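Working notes, beginning with the structure itself.
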Amino acid sequence: MKGLFIRLGAFVMALAISVPASAGGPETSVQTEYLMTLHAPLDAPQAIDQGLLIYNVPPGGWVEGPRIKGKHS
């Protein structure tokens, strides 16, 4: 799709799964890290059939986070 430019640094997500020895059953814990906010404007969807919509991404948009900042015009 023309007009969308996203440059992402290293993607880091820590996943920790723990299963305690309690009688209540297994428990899962997931730890995440905020990477960025992405804004990409979308044109109205085009219906190809009942189960398929196509979204065009026009020029414009931005990305911003602790270690990344960018803008496309």
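The values are calculated or read from the model by the stated rules, or taken from the named source; none is laboratory data. This is a predicted model, so every value here is computed, not measured. Only protein heavy atoms, including side chains, enter the accessible area calculation; ligands, DNA and RNA are left aside. Shrake-Rupley method; radii C 1.70, N 1.55, O 1.52, S 1.80 Å.
Remark: the range 30-47, residue by residue, has Karplus-estimated 3J(HN,Hα) of 10, 10, 10, 10, 5, 9, 5, 10, 10, 10, 10, x, 10, 6, 4, x, 9, 7 Hz, where x stands for each Gly or Pro and the curve is 6.51 cos²θ - 1.76 cosθ + 1.60 at θ = phi - 60°. The heavy atoms of D49 offer some 90 square angstrom of accessible surface to a 1.4 angstrom probe.
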